[in-house]
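Structure first, then comments.
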Amino acid sequence: LHNKNIKIIAVLRNPINRFISAYFHNMRYGFIPVLSPEIGILKILQKDKEFLEKYPRAHEILEYGFYGKYLERYLELFKPNQVKILLHDELIKHKEESIKSIYEFLRINSKFKSSRLEKRPQKVVYNLKAIKFATFINKILYSYNSSNTRLYVRKNMQTIEKFNYFNVMNLFFNVYKKPQLSLEIIREISNFYEKDIELLEKLASLN
């Protein structure tokens, strides 16, 4: 290990919300096809072999939700008092208290203020029509590697790439409105992560 005294902070989002956001995010950037979540999400959860082979990033949508699996590996290398686990919802709801607890964990001045704390995270686009439009723009803005797992901004496209045309589209229809998914889909995602959540709860009790 390069630093045995390192401090690790894990901010964990609700695995269902994270999964859904990641699904739409990957559609937006062309890593998976634009499909209704009622169809596409089931293909991923049921590990459709043809789908996962054709769209490798779809596997990441599954894997990145195993919080317990990967935190367990960290805790094999570091002591529990070196790892701080925060829930995303609690961080949003109790921002000041959460930030204070982080400062205490890092042993830094509680009066320190970071300008980055006020910056908004990247919004997720949930409208399928807007996402389909984005796939055409992507062909102009980006080049992709042979496995379609990474994208790169094309030369002389950096300025255009920063322009958020979704904000303009949002004036006419709400592209950021979260979809109302069926109970079946929600239940499928929940069941998929059930055992990992149980593991996470055990690990969190050590925190």
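The values are calculated or read from the model by the stated rules, or taken from the named source; none is laboratory data. Not measured: the values here are computed from a predicted model. We place every Cβ from the backbone using ideal geometry, glycine too, and count neighbours over all the protein chains shown. Side chains included, ligands, DNA and RNA excluded: accessible areas come from the protein's heavy atoms. Shrake-Rupley method; radii C 1.70, N 1.55, O 1.52, S 1.80 Å.
Numerical summary
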quantity	calculated
Segment Ile39-Glu194, extension gain: residue separation times 0.36 nm, minus the distance between their alpha carbons	53.6 nm
Ranking by accessible area, most exposed first, for Asp48, Asp89, Asp196 with a 1.4 Å probe	Asp89, Asp48, Asp196
Positive-pole candidate from Asn26, Pro56, Ile160, dipole of the chain, charges at beta carbon	Ile160
Mean residue ellipticity (222 nm) of the chain, computed from DSSP H runs ≥ 4 via -39,500 (n - 2.57), nearest 500	-15000 deg cm²/dmol
Top of Gln158, Gln82, Gln122 by mean-square fluctuation, Gaussian network on the chain, Cα under 10 Å	Gln122
Label zone at Glu60, where the point sits 7 Å out along the Cα-to-Cβ direction: the stretch 148-186 residues whose backbone N lies under 12 Å	148-152
19 Å cut-off, amide nitrogen to a point 7 angstrom out along Arg187 Cα→Cβ, residues in the stretch 43-70	43-47
Contact order normalised by residue count of the chain, Cα under 8 Å, 6+ apart, percent	34
Net lengthening on full extension, Leu75/Leu171 (0.36 nm per residue, minus Cα-Cα)	29.9 nm
Exposure rank, largest accessible area first [His59, His25, His2; 1.4 Å]	His2, His59, His25
Point-charge dipole on Cβ atoms (K/R +1, D/E -1) for the chain, about Cα centre, debye to 20	960
Distance in nm between pseudo-label sites at His94 and Glu53 (7 Å out along the Cβ direction from Cα)	5.0
Solvent exposure, largest accessible area first (probe 1.4 Å, DNA, RNA and ligands not counted), of Met157, Met27	Met157, Met27
Computed over the stretch 85-183: relative contact order in percent, which uses C-alpha pairs under 8 Å that are six or more apart	24
DSSP loop chymotrypsin sites (Phe, Trp or Tyr not before Pro) with at most 12 other Cβ within 10 Å: longest gap in the chain	1-111
Within a Gaussian network of the chain (alpha carbon springs, distance under 10 Å), most fluctuating of Leu86, Leu171, Leu71	Leu171
